[in-house]
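The values are calculated or read from the model by the stated rules, or taken from the named source; none is laboratory data. Source: prediction; values computed, not measured. Don't worry about glycine lacking a Cβ; one is built from the backbone with ideal geometry, like all the others, and counts go over all protein chains shown.
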């Protein structure tokens, strides 16, 4: 009897979070014993030995099991706990729509969206300077990319400089009289996934810039002529992210010696 008791204690003591997780996985995914799986997982999720990836899987299994037994509030709570640990976690698209619905409701409550707002574009010298304001309450954003092309060429991307909630990047402008610039922004998380955007390759914001010399009256005979600075004229061709793909045409601004308002597009708020 003593030998049996000692053996039982040893077996119980040998249980690990990994073995309990494997047991719960079998109960839920293969045996469809949801209530038994829930009991294992409720105990397991309070085990401090559970590492982060194991805990994420445990909460996903728990949420799935709660959906299966008709407990949507408990399922949302389990998914919310998962999303607190891994805000960018996604489910297998082959899972039940009911599971995805519960997960989406939990995400809406827990995960705050990342936004790129107040996007502006302004020529400075031979560069088009693009800036935006970043809203990222949970610190999910790692990089913002400025992706641009000139005169219908290939899109090229660059990491934007980030400081105090603002990002800034610049697109080189060749010495051309009339030039179209298409651009959009992408915000990426630590895993390189796009979690925010301002426009897209299919619907970029667009400007036409025309670098023309400033006009002046004809000089009097023998008068000394001073060179005048170039003037940037900017036309908004298409703010596709704002106007849904329609082309909007009209003069936005002219730049002379630095005076005048910046070329600011309407704020762009993202999903």
Checklist entry - Which condition breaks for residue 67 when tested against (1) more than 19 Å from the chain's Cα centre (by Cα); (2) in the same structural domain as residue 196 (by TED's automatic domain parsing)? => result (2)
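Residue-wise test of (1) at pLDDT 95 or above; (2) not in a helix (DSSP H, G or I).
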{"position": "64", "(1), (2)": "yes, no"}
{"position": "70", "(1), (2)": "yes, yes"}
{"position": "78", "(1), (2)": "yes, no"}
{"position": "83", "(1), (2)": "no, no"}
{"position": "88", "(1), (2)": "no, yes"}
{"position": "92", "(1), (2)": "no, yes"}
{"position": "103", "(1), (2)": "yes, no"}
{"position": "113", "(1), (2)": "no, yes"}
{"position": "117", "(1), (2)": "no, yes"}
Next on the checklist: Kindly evaluate residue 50 against the criterion of being assigned to a loop (DSSP other than H, G, I, E, B), modelled with pLDDT under 95 and either surrounded by 15 or more Cβ atoms within 10 Å (Cβ to Cβ) or out of contact with any strand residue (DSSP E or B) (no Cβ under 9 Å at 6 or more places or on another chain) (or both).
Outcome noted: yes
Next on the checklist: I'm told residue 109 meets every condition in (1) part of a loop (DSSP other than H, G, I, E, B); (2) touching a residue at least 12 places away in the same chain (Cβ under 8 Å); (3) exposed (fewer than 14 other Cβ atoms within 10 Å of the Cβ); (4) under 29 Å from the mean Cα position of the chain (by Cα) except one. Can you identify the failing condition by its number?
Outcome noted: (1)
Item to check | residue 119 vs. criteria over 17 Å from residue 25 (Cα atoms) and in contact with a strand residue (DSSP E or B) (Cβ under 7 Å, 6 or more places away or on another chain) | outcome: yes
Checklist entry - Taking residue 9, is it outside the structural domain of residue 141 (by TED's automatic domain parsing), at pLDDT 95 or above and part of a helix (DSSP H, G or I)? => result no
Checklist entry - Within the range 137-156, can you find the residues that are touching a residue at least 24 places away in the same chain (Cβ under 8 Å) and either assigned to a strand (DSSP E or B) or not assigned by TED's automatic domain parsing to the domain that holds residue 127 (or both)? => result 143, 144, 145, 146, 147, 148, 149, 150
Item to check | Residues (surrounded by fewer than 13 Cβ atoms within 10 Å (Cβ to Cβ) and in contact with a strand residue (DSSP E or B) (Cβ under 6 Å, 6 or more places away or on another chain)) located in the range 122-157 | outcome: 151, 155
